[in-house]
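Notes follow once the structure below has been shown.
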Amino acid sequence: MSIVKQLWHKYGLAITLCVITMAVLNIIFGTVCISSLIVGIPCPGCGITRAAKYLLTGQLRKSFEMHPLLILVIIGVILYFVLIKFSQKARLIINTYAIICLIIFIIFYIYRMYKYFPNVEPLVYRENNLAAYLKGVINRLKYQSMQ
């Protein structure tokens, strides 16, 4: 059995459920970012989906503007498929790469939030988030109880 078939057999259902969930979230709320939906603040990966879409349609500049670290994700996926045939040493390399990427993403996120939040896509504040809605409900309940 090929490596792709093995991976699909192992992770196919999870991938399918993730894609369906992302599609439903995007249709209903206009975003797939859970952080943005709950607290209105973009996450370190915000813009990756749009960056991938732009990359796939040949709009390299827009892709890079949405999230320049998409290249690290692409390299990681390629690295995974190339090295997965090897044993423990490959897993160590992949895990090390993932940790390094995570650190880079967090540092870059802090930089982007400082420089661009909340005025530049994709680093915008989502006003219709769950936390703001709940705060409004609580404030209305407090106001009603005071009367």
Any hit, the stretch 106-113, residues being farther than 20 Å from residue 44 by Cβ and either hydroxyl-bearing (Ser, Thr, Tyr) or at pLDDT below 95 (or both): no
Unmet criterion (only one of (1) at pLDDT below 85; (2) touching a Ser or Thr at 6+ places or on another chain (Cβ under 7 Å); (3) small (Gly, Ala, Ser)) for residue 2: (2)
Residues of the stretch 8-55 classified as free of Cβ contacts under 8 Å to residues at least 40 places away in the same chain, touching a helix residue (DSSP H, G or I) at 6+ places or on another chain (Cβ under 9 Å) and either part of a helix (DSSP H, G or I) or over 19 Å from residue 128 (Cβ atoms) (or both), total: 14
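Okay, residues lined up against (1) surrounded by 11 or more Cβ atoms within 10 Å (Cβ to Cβ); (2) free of Cβ contacts under 8 Å to residues at least 12 places away in the same chain; (3) of a type in the set (Gly, Ala, Ser):
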residue	(1), (2), (3)
72	yes, no, no
77	no, yes, no
94	yes, no, no
117	yes, no, no
136	no, yes, yes
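Looking at 85, 62, which is the one that is farther than 22 Å from residue 7 by Cβ and loosely packed, with under 15 Cβ neighbours inside 10 Å? Even if it seems obvious, please write down each step before you answer.
Values: 85 fails: farther than 22 Å from residue 7 by Cβ.
Selected residue: 62, the only one of 85, 62 that is farther than 22 Å from residue 7 by Cβ and loosely packed, with under 15 Cβ neighbours inside 10 Å.
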Residue within the stretch 39-55 that is over 15 Å from the mean Cα position of the chain (by Cα) and closer than 29 Å to residue 91 by Cβ present: yes
Criterion violated by residue 63 - all others in (1) touching a Phe, Trp or Tyr at 6+ places or on another chain (Cβ under 9 Å); (2) part of a loop (DSSP other than H, G, I, E, B) satisfied: (2)
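Could you tell me which of the residues 104, 100 is surrounded by fewer than 13 Cβ atoms within 10 Å (Cβ to Cβ) and either aromatic (Phe, Trp, Tyr) or in a helix (DSSP H, G or I) (or both)? Give the steps one after another, and end with the answer.
On the way: 104 fails: surrounded by fewer than 13 Cβ atoms within 10 Å (Cβ to Cβ).
None of the others qualify; the one that does is 100.
So for the stretch 120-140 (the condition being in a helix (DSSP H, G or I) and under 15 Å from the mean Cα position of the chain (by Cα)), does at least one residue qualify? Steps first, please.
Narrowing the stretch 120-140 to residues in a helix (DSSP H, G or I): 130-140.
Narrowing the set further to residues that are under 15 Å from the mean Cα position of the chain (by Cα) leaves none.
The answer is no, given that none of the residues of the stretch 120-140 is in a helix (DSSP H, G or I) and under 15 Å from the mean Cα position of the chain (by Cα).
The values are calculated or read from the model by the stated rules, or taken from the named source; none is laboratory data. Just so it is clear, the model here is predicted, and its values are computed rather than measured. Positions of Cβ are generated from backbone atoms using ideal geometry, with glycine treated the same way; all protein chains shown enter the neighbour counts.
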